[in-house]
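Working notes, structure below.
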Amino acid sequence: MVVLILVFITAFAVVLYCTPALIKVAVLKRLIDMPTEDRKIHKRAVPTIGGIIIYAATLFAFSLWYNIDDLHDYDAIYESVKEFKILVATSLVLFFVGVKDDIIGTSPVKKLFANILVGLILVLMGDIRITGLHGVFGVNEIPHWGSVFLSLFTYIVVVNAMNLIDGIDGLAAGVGFIAASVFGTWFVFANEYTLASLSFSLSGALLGFLIFNFSPAKIFMGDSGSLIIGMFICVLSIKLIEYPISRLDKFWIHISNPIIVIAALSYPLTDTLRIFIIRAAKGQSPFAADKNHLHHRLLDCGYSHVKTVIIIYTFSLVTVGVSLLSYFLNPSLSLFAVIGCCLLFILLIHFSFKAKQRKQLATH
C-alpha cells in the first residue's frame, strides 16, 4: 500500500516539477496550438505537447516502483515481465505517432493504422484480450476469433474516444484521472498491486497535469497525451474485465467487472458513439473535427469551461456509483441502468441547449 502512495506522489511530483520547463521550451520552439480554425475554442496560442510529460511521469513512476519480489511463482514473474515489455513497446509507438501529430500533423488514416498495429500487438502478442462478456446478455465465453475482434475493436474505440474528448480545458485529463483512480482502487481491493501501481502512476501524472491544464489552460496534452492515456486506460480496462473472480472477496465477486469499466468510461464512450452517429447521418467522415460534442453543447448552454468539466466529472462519478447496483442486479440490467444514465445525460444537455436557443431567439 505504501508503494502505491509513492507511485502516485512520484508521478505527480515529476509532472508538477517538469511542466513549467516544458511550457517554456514549447513557447521558445513555437510548439504551440494557434486558434486559427472555427472549431477551436481557445483564444490564444497554447503549448500542445503536454503528453510528453504525462507519458514520461507515468512510465518513470511505474518503472521505478515496479516490483516483482512478491511474485514467487516463475510463471507469474514471466507473465508480469512480458506484459511490462509489451506495454513499453506499444506505448512508445503511440507516443511518437502522437508527438508527430502535435508538431507537424498526421492524417487520421495513419493514426488509425498505428492504433490497429498497436492493438494487434497487445491482443496477439501480449494476449491482453477480452475472452467473454462475463454474464452480460447471458453470454460468458466467446470464440477465440470473436475475442480477438472484440478486443481490437475495444482498443480502437477507447483510444479514439479519449482522443475525441480532448476538446476543452481539463476534460480528457480529468476524465482519465477519474477512470484511472477507479481502476486503481478496484485493483487494490483485488490485491492486484502491479496493475494498481500502473493505475495510480497514471492518475498521479494526470492530477499533476490538471494543475496546468485546468481552465484557463497553460498547456494542452495533444495527441501525444490522449493516445497514451487511451492506451493505458484500455489495457487496464481489459485486465479488470478479465480478472479472475476466484481472487475477489465476497462483495466484489457480485459486482460485474465489465459494467464497472463501462461506467468509468461512460463519458468518452457516450460522446464518441453520439458524435459518430451524427456524422454518419450527415454523410461525414467519423473522424472529421467539429463542435458537436457534448462538452461543446454545454458551453453553448452558457456554462464556463470550469462548470462544464465539473458537470462531466460529476456525471462520470454518478455513473460509477450506478454500476455498483450490479451487486443487486444481473449484469444485463446493470448495463441498462448505466445506459439509462447516459441517455438521461444526453437528453438533459439537449433540452438545455434547445431552451438556450429559444431564449436567444426571444431576446432578438
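Each reported figure results from applying straightforward, stated rules to the coordinates on display, with no laboratory input. Here the structure is a predicted model, which is why all the values come from computation and not from measurement. As a convention, Cβ positions derive from the backbone with ideal geometry for all residues, glycine included, and neighbour counts pool all protein chains shown.
Among Ile104, Val139, Val175, whose Cα projects farthest towards the positive end of the dipole of the chain, with charges put on the beta-carbon of Lys, Arg (+1) and Asp, Glu (-1)? Of the candidates, Ile104 comes out farthest on the positive side. Between the C-alpha center of region 80-143 and that of region 340-364 there is a gap of 37 Å.
Taking the Cα centre of region 2-363 as reference, the dipole from Cβ charges on Lys and Arg (+1) and Asp and Glu (-1) amounts to some 1660 debye.
Ordering Leu333, Leu317, Leu4 by Cα displacement along the dipole of the chain toward the positive end leaves Leu317 in first place; charges were set at the Cβ atoms of Lys, Arg (+1) and Asp, Glu (-1). Annotation: amide H-H contacts under 5 Å for Asp33 (H modelled 1.01 Å from N, sequence separation of 5 or more, or interchain): Val46, Thr48.
Given Ser352, Ser215, Thr48, which one lies farthest toward the positive end of the charge dipole of the chain, if we put +1 on the Cβ of every Lys and Arg and -1 on the Cβ of every Asp and Glu? Going by the charge dipole, the pick is Ser352. Taken one residue at a time, the phi angles of region 310-324 give Karplus couplings (6.51, -1.76, 1.60, θ = phi - 60°) of 5, 4, 5, 4, 4, 4, 4, 5, 4, 5, 4, x, 5, 4, 6 Hz. Gly and Pro are set to x.
Phi-derived couplings, Karplus 6.51 cos²θ - 1.76 cosθ + 1.60 at θ = phi - 60°, listed residue by residue for region 77-90: 5, 4, 5, 5, 5, 4, 5, 5, 4, 5, 5, 5, 4, 5 Hz, with x used for Gly and Pro. Once the C-beta distance of His350 and Lys110 is scaled by a Förster radius of 30 Å, the resulting FRET efficiency is 0.30 to the nearest 0.05.
Protection proxy ranking for 282-290, 16-24, using the average of other Cβ atoms within 10 Å per residue and placing the highest first: 16-24, 282-290. Based on C-alpha pairs under 8 angstrom that are at least 6 apart in sequence, region 2-363 has a relative contact order of 22 percent. This model, with +1 at the C-beta of Lys and Arg and -1 at the C-beta of Asp and Glu, gives region 240-364 a dipole about its Cα centre of some 540 debye.
Extension gain, Ile277-Lys82: 0.36 nm per intervening residue step, less the Cα-Cα distance, totals 66.4 nm. With θ taken as phi - 60° and the Karplus curve 6.51 cos²θ - 1.76 cosθ + 1.60 applied, the whole-hertz 3J(HN,Hα) list for region 10-15 is 4, 4, 4, 5, 4, 5 Hz, x standing for glycine and proline. In the structure shown, the pairs Lys24/Lys100; Lys85/Lys218; Lys239/Lys307 are assessed against 22 Å; a Cα-Cα span above that value is assigned to Lys85/Lys218; Lys239/Lys307. Taking other C-beta atoms within 10 Å as the exposure proxy, Ser91, Ser326, Ser352 rank Ser352, Ser91, Ser326 from fewest upward.
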